[in-house]
């Protein structure tokens with residue numbers, strides 16, 4: 001029961017740390033009970049299958065953490081309107097399994113190499129796992145540890161140097177030092193060591209926060225300009241209304257919303273993800289002939305000097321099987337199609353610029369590892385208005401230049417806003433503010449849309465770019481370069497939000513270097529594994545002698 005209790009304490013501390021309801025400071029100690037459980041089972045228990053006990057208990061811990069923090073996924077629905085258990089069960093069970101495997105690797109390495117080598121291995125493998133989780137097709141970095149302080153931007157201004165992955169390293173290091181302090185006290189009962197180790201740990205907690213507060217109070221980067229932005233929030237039901245309403249009616253409502261709230265000069269109208277059309281999509285080979293897009297251009301002629309950025313569903317047809325994109329699929333004999341979740345910038349008398357979402361939601365916009373799983377699962381992956389095929393993507397980020405002013409927006413689409421290093425690529429392309437076009441309506445009134453908004457603050461700090469966030473049902477918001485929400489809307493309102501957005505052109509250290517702490521951790525992981533193998537070979541050779 002002692003080990004079960006330690007496991008449950010870790011699960012509780014992880015869960016109550018998480019935004020947007022939690023107190024993040026518990027995260028500095030959240031893994032310590034789990035580490036104590038592992039140490040107790042490994043060194044002092046009489047279990048015959050100790051590795052299985054460690055794995056089972058850690059799995060319980062991570063399942064509880066995942067359910068409490070991401071159980072809102074149950075709010076998503078199947079096309080028939082029923083709630084999808086698959087939407088929450090699959091990510092919870094699989095994500096928990098992955099975290100348990102990471103912890104299990106630590107358990108094996110620690111038992112082979114000793115506690116202190118093992119603790120270094122834990123930091124290296126956890127950091128490497130978070131990087132892996134940012135890049136594979138089942139990507140789900142929602143619970144990366146560095147995200148936990150997203151509601152406390154004053155304390156993480158140093159993310160402009162090390163990013164949210166630096167936050168993960170910080171949290172792991174503190175947990176390891178707390179556990180080390182407890183272990184050395186239990187082993188030697190030396191008050192001097194306890195005071196020294198506690199002081200070092202406390203300093204490493206407080207010092208980054210002090211640096212952050214200094215950076216916050218002394219932020220004086222000068223903007224190169226300012227643009228007026230109107231964020232449109234149409235509050236269109238994504239399950240019924242979007243697919244039952246005529247596309248022209250949906251567009252008319254959107255433009256009426258823009259027209260009604262156009263008080264004074266507007267440089268940018270920004271609408272949410274897939275705001276157009278209703279059902280179906282717009283052909284990319286006929287953008288200039290599209291009635292919907294030309295209606296937007298007509299609207300802009302009544303507002304000279306304005307541009308319109310919006311999310312759309314789009315597609316491209318192929319008549320030749322040669323050189324087909326891998327995401328294209330056959331509609332009819334001799335006809336293939338590739339579909340996209342796109343953002344476009346519309347300017348009168350200019351060609352429509354388009355960007356295709358690069359980070360797709362697993363099971364919704366991408367069928368992960370389709371060649372392996374589709375024969376096994378068929379169409380079992382959930383469909384939240386997306387597809388059980390895979391959407392096409394752009395391999396590089398883009399930034400849309402405004403022909404009337406210095407504005408250059410990063411057209412970030414929904415899920416992409418969780419990825420720190422990925423978003424820096426927009427800034428490297430010249431973006432001087434970030435436009436997030438999102439639709440968080442799939443989960444209803446839950447923590448989902450609040451957490452996604454909260455994570456956007458991290459991107460503002462990392463890049464030192466202001467954010468204009470247009471959400472279908474809310475929360476639409478203006479976030480300044482210090483990660484603070486300066487204006488926002490209520491979830492569920494049909495409304496528009498006016499904001500004056502500052503433009504910045506300097507590149508932060510994080511933009512220039514990305515997740516370099518993660519790259520160091522991956523190198524360290526390789527070294528630790530290589531050292532273990534070399535030592536094992538040496539031991540075998542000595543035994544033979």
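Values in this text are rule-based calculations from the coordinates and carry no lab data. Just so we're clear, the structure is a prediction, and the values are computed from it rather than from any experiment. A quick note on method: Cβ atoms are made from the backbone with ideal geometry, for glycine too, and the neighbour counts reach across all protein chains shown.
Per residue, the average separation of C-alpha pairs within less than 8 Å and at least 6 apart gives region 224-280 a relative contact order of 57 percent.
For region 416-545, the share of alpha carbon pairs falling in successive 5 Å distance bins from zero is 2, 10, 16, 16, 13, 10, 7, 5, 4, 4, 4, 3, 3, 1, 1, 0 percent.
In plain terms, the residue of 447, 416 with the fewest other Cβ atoms within 10 Å comes first and the most crowded comes last, giving 447, 416.
Counting other Cβ atoms within 10 Å as a rough exposure proxy, the listed residues 459, 316, 49 run 49, 316, 459 from fewest neighbours to most.
Helix 159-188 and the longest principal axis of the Cα set of the chain meet at an angle near 20°. Centre-to-centre separation between the Cα atoms of region 263-338 and those of region 507-545: 47 Å.
Count the DSSP beta bridges whose two residues both fall in the chain, then state the antiparallel fraction as a percent rounded to the nearest 5.
Numbers: 36 of 56 bridges.
Antiparallel: roughly 65 percent of the beta bridges in the chain.
Going by C-beta contacts inside 10 Å, put 417, 247 in order with the fewest on the left. Provide the component values of the computation, followed by the final result.
Numbers: 417 24, 247 16.
Neighbour counts put them in this order, fewest first: 247, 417.
Starting from the Kirkwood radius over alpha-carbon pairs of the chain, derive D by Stokes-Einstein at 25 °C in a medium of 0.890 mPa s and give it in µm² s⁻¹. Spell out each step's value before the answer.
Values: Rh = 25.0 Å.
So the translational diffusion coefficient is about 98 µm²/s.
Mean projection of the Cα convex hull over all viewing directions, computed for region 207-326: 13.4 nm². Protection proxy ranking, highest mean first, for peptides 218-229, 155-166: 155-166, 218-229, where packing is the per-residue count of other beta-carbon atoms within 10 Å, averaged. Measuring nothing but how far apart in sequence close Cα pairs (under 8 Å, 6+ apart) lie, relative to its length, the chain scores a relative contact order of 17 percent.
Counting only alpha carbon atoms, the long axis of helix 247-260 and the longest principal axis of the chain meet at about 90°. Rg and Dmax over the alpha-carbon atoms of region 5-158 stand at 16.5, 54 Å.
For the chain, the longest principal axis of the Cα atoms and the long axis of helix 115-133 meet at an angle of about 10 degrees.
Taking only the alpha carbons of region 1-68, we obtain Rg and Dmax values of 12.4, 42 Å in that order.
Could you sort the peptides 392-399, 34-41 by per-residue average Cβ neighbour count (10 Å cutoff), highest mean leading?
Values: 392-399: 16.5, 34-41: 22.4.
With the highest mean Cβ count within 10 Å placed first, the list reads 34-41, 392-399.
Which whole-number percentage describes the relative contact order of region 318-369, with Cα contacts under 8 Å and a sequence gap of 6 or more?
Details: 47 pairs, mean separation 11.5, N = 52.
Reported relative contact order: 22 percent.
Taking packing as the residue-averaged number of other Cβ atoms within 10 angstrom, the listed peptides 429-436, 199-206, 107-114 run from highest to lowest as 429-436, 107-114, 199-206. Here the sum of -39500 (n - 2.57) over DSSP H runs of 4 or more residues, divided by the residues of the chain, equals -15500 deg cm²/dmol at 222 nm, to the nearest 500.
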